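Here the structure comes first, spelled out in structure tokens, and everything after it is commentary.
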Amino acid sequence: MAMIEVRNITKAFGNLVVLKNFSVDFDQSGVTVILGPSGTGKSTLLRCINGLETIDSGDILVDGLSVREKKNLKDIRIKCGMVFQQTILFPHLDVLENLVISPIKILGRPRNEAIEQAKELLNKVGLIDKLHSKHNELSGGEQQRIAIARAMMMNPKALLLDEITSALDPEMSTEVLKIIEKLAQDGVVMLIVTHEIPFARRIASRVLFLEYGSVVSDTSNEEFFTTVKEDNERIARFIQNIHH
Amino acid sequence: MFEQYLSLTHYDIFFFLKAIGMTLWITLVSITIGTLIGIVMGLIRCSKNRIVAAIPLIYIEPLRNSPLVTQLFLTYYGLPVVANIVLDAEAAAIITLSLNTGAFFSVLVHSAVKAIPKLQWEAGFALGHNRYSNFRNIIAPQVLRLLIPSAITLYINQLQVSSFVSLISLIDLTKAGHILTLRTMRPFLIYGIVFVLYFAISYPLSKLAQRLEKKVAFNF
């Protein structure tokens with residue numbers, strides 16, 4: 001059984017149908033990069049998996065739990081950590097409290113244990129010295145690295161990363177991408193929506209290309225950047241446009 | 001020049017102190033009750049259900065858009081006539097000021113909750129918080145920080161408008177000033193003292209609001 005099963009879902013915002021009879025499975029391994037033009041439903045797909053958007057028809061199962069059942073949402077969200085395009089730290093809390101509040105309140109983890117894990121993760125993302133900083137004392141890249149660490153605090157089975165570098169300048173973007181690569185090497189399962197093609201090429205084990213709410217191509221990394229890219233004119237044009 | 005101050009008797013000073021006590025009592029009780037009413041009404045205003053959210057407006061809008069003195073007269077002079085409810089001046093003052101504070105406080109609560117970006121809610125949900133836990137642990141502490149400075153400003157204002165209770169014969173600071181003026185025939189002296197006493201209570205609170213505003217300020 002796939003870890004995430006997206007079964008024939010449709011999602012519309014008013015008259016705009018973003019995902020139409022959309023189906024795809026994600027196994028509990030590797031890094032899947034989701035590419036495609038803007039407005040094609042990539043972010044909506046991640047938000048539907050996390051239950052932040054309700055689906056109009058079809059179903060999504062995360063570890064066998066349906067997102068249509070409200071009672072499953074807490075477990076689904078714990079299993080699938082999500083990091084957003086905009087950096088969203090809780091502004092009234094310092095970095096450490098941002099990290100420990102949810103494991104303590106949601107998972108009932110002892111505070112000392114949560115603090116230890118937070119320190120380990122901050123070490124991993126290279127920000128242990130920012131333990132007691134507030135969000136306005138951090139750069140955009142640092143905030144995003146902390147948002148990743150915060151999501152990892154819940155020990156998720158998969159991380160959903162929604163264009164997490166698109167609001168950052170190239171230098172900050174590189175800092176964040178390095179962390180993602182490190183997590184991928186550690187075997188963290190990830191679904192990544194991104195426009196960073198070289199990064200996708202380095203990190204992806206599977207590449208999904210979406211257009212108009214449907215899957216145009218679903219292949220391995222190697223296949224995508226060789227055969228598919230050569231054969232599919234639309235994908236070739238998309239990659240070329242992004243490079244320029 | 002200062003001889004006129006010396007002409008005030010011990011009784012006058014005691015009279016002023018008692019009146020300050022009444023002003024503070026009326027204000028403290030009514031802002032406490034008003035704050036509780038305001039929190040409840042403000043949170044109902046934040047309901048996703050439009051009809052439920054509109055219900056508090058039936059209470060809020062008339063009180064925000066009419067003079068406090070009219071509300072006070074309605075409670076003190078009007079209720080005995082239409083509902084045979086006779087209140088003493090102190091009860092009428094507390095009820096009216098509480099309801100008035102509640103109306104304004106509910107607007108502050110509603111605005112503060114609405115000022116929290118939707119993304120803050122989403123970040124909490126994405127970490128597994130349900131609506132209650134999200135509000136309790138993530139949203140409410142932010143709302144409180146946004147609320148504190150404007151709440152103090154409202155409290156200072158309520159302290160000042162509490163002087164209207166003197167119009168229903170309650171001996172607060174303003175009424176005490178009026179009585180002493182009639183006795184001493186020194187309006188500038190007596191109302192000068194009343195002015196200074198109101199200022200002495202309000203100014204530190206206003207400074208506290210400014211300090212808190214700086215201390216708890218944050219950008220999203």
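The values are calculated or read from the model by the stated rules, or taken from the named source; none is laboratory data. All figures in this text were calculated on a predicted structure; none of them were measured in a lab. Reconstructed Cβ throughout: ideal geometry from the backbone, glycine too, with neighbour counts over all protein chains shown. For the accessible areas, the whole protein counts, side chains as well, though only heavy atoms, and no ligand, DNA or RNA atoms are used. Shrake-Rupley method; radii C 1.70, N 1.55, O 1.52, S 1.80 Å.
Quick notes on this one:
- Answer residue from region B:116-126, given it is within 7 Å of chain A (Cβ to nearest Cβ) and of a type outside the set (G, A, S) and is nearest to the chain's Cα centre (by Cα) among those: B:Q120
- Residue in region B:127-134 that is more than 13 Å from the chain's Cα centre (by Cα) and in contact (Cβ under 8 Å) with a residue 12 or more places away in the chain present: yes
- Region B:148-162 residues that are in contact (Cβ under 8 Å) with a residue 40 or more places away in the chain, paired with ones that are outside any helix (DSSP H, G or I) and surrounded by fewer than 19 Cβ atoms within 10 Å (Cβ to Cβ) (beta carbon under 9 Å, 6 or more apart): B:P149/B:A217
- First in region A:209-227 and touching a residue at least 60 places away in the same chain (Cβ under 8 Å), second anywhere and among the polar types (S, T, N, Q) and in a strand (DSSP E or B), Cβ under 7 Å, 6 or more apart: A:F209/A:S217
- So A:T32, is it hydroxyl-bearing (S, T, Y) and open to solvent by less than 40 Å² (accessible area, probe 1.4 Å): yes
- Strands (runs of 3 or more DSSP E) (entirely within region A:1-109) containing at least 2 residues that are under 15 Å from the mean Cα position of the chain (by Cα): A:31-35, A:80-83
- Screening region B:104-220 for helices (runs of 4 or more DSSP H) wholly inside it with 3 or more residues that are touching a helix residue (DSSP H, G or I) at 6+ places or on another chain (Cβ under 9 Å) and over 29 Å from A:G51 (Cα atoms) returns the ranges B:140-161, B:173-184, B:187-216.
- Helices (runs of 4 or more DSSP H) completely within region B:1-91 that count 3 or more residues being touching a Gly at 6+ places or on another chain (Cβ under 8 Å) and crowded, with 17+ Cβ neighbours inside 10 Å: B:10-45
- On the stretch given as region A:145-154, residues that are more than 11 Å from chain B (Cβ to nearest Cβ) and out of contact with any strand residue (DSSP E or B) (no Cβ under 7 Å at 6 or more places or on another chain) total 3.
- Single condition B:L63 does not satisfy, out of (1) of a type in the set (A, V, I, L, M, F, W, C); (2) over 14 Å from the mean Cα position of the chain (by Cα); (3) under 15 Å from B:G38 (Cβ atoms): (2)
- Selection count, region B:127-151, where residues are away from chain A (no Cβ under 14 Å) and either in contact with a Pro (Cβ under 8 Å, 6 or more places away or on another chain) or open to solvent by 20 Å² or more (accessible area, probe 1.4 Å) (or both): 1
Every residue, every condition in (1) modelled with pLDDT under 95; (2) within 30 Å of A:T44 (Cα to Cα); (3) among the small types (G, A, S), yes or no:
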| site | (1), (2), (3) |
| --- | --- |
| B:P67 | no, no, no |
| B:F73 | no, no, no |
| B:I85 | yes, no, no |
| B:Y132 | yes, yes, no |
| B:S150 | yes, no, yes |
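- Those residues of region A:113-143 which are within 14 Å of another protein chain (Cβ to nearest Cβ), in a loop (DSSP other than H, G, I, E, B) and buried (at least 20 other Cβ atoms within 10 Å of the Cβ), in sequence order: none
- Residues (open to solvent by less than 30 Å² (accessible area, probe 1.4 Å), touching a residue at least 12 places away in the same chain (Cβ under 8 Å) and hydroxyl-bearing (S, T, Y)) located in region B:165-197: B:S166
Every residue, every condition in (1) at the interface with chain B (Cβ under 9 Å from one of its Cβ atoms); (2) crowded, with 19+ Cβ neighbours inside 10 Å; (3) of a type outside the set (K, R), yes or no:
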residue: A:R68; (1), (2), (3): no, no, no
residue: A:N72; (1), (2), (3): no, no, yes
residue: A:R77; (1), (2), (3): yes, yes, no
residue: A:V83; (1), (2), (3): yes, yes, yes
residue: A:F90; (1), (2), (3): yes, yes, yes
residue: A:V100; (1), (2), (3): no, yes, yes
residue: A:I106; (1), (2), (3): yes, yes, yes
residue: A:R111; (1), (2), (3): no, no, no
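- In the set A:S23, A:S29, only one residue is under 27 Å from A:P198 (Cβ atoms) and either polar (S, T, N, Q) or free of Cβ contacts under 8 Å to residues at least 40 places away in the same chain (or both); that residue is A:S29.
- Residues that are within 14 Å of chain A (Cβ to nearest Cβ), touching a Phe, Trp or Tyr at 6+ places or on another chain (Cβ under 8 Å) and not hydroxyl-bearing (S, T, Y) do not occur anywhere in region B:101-108.
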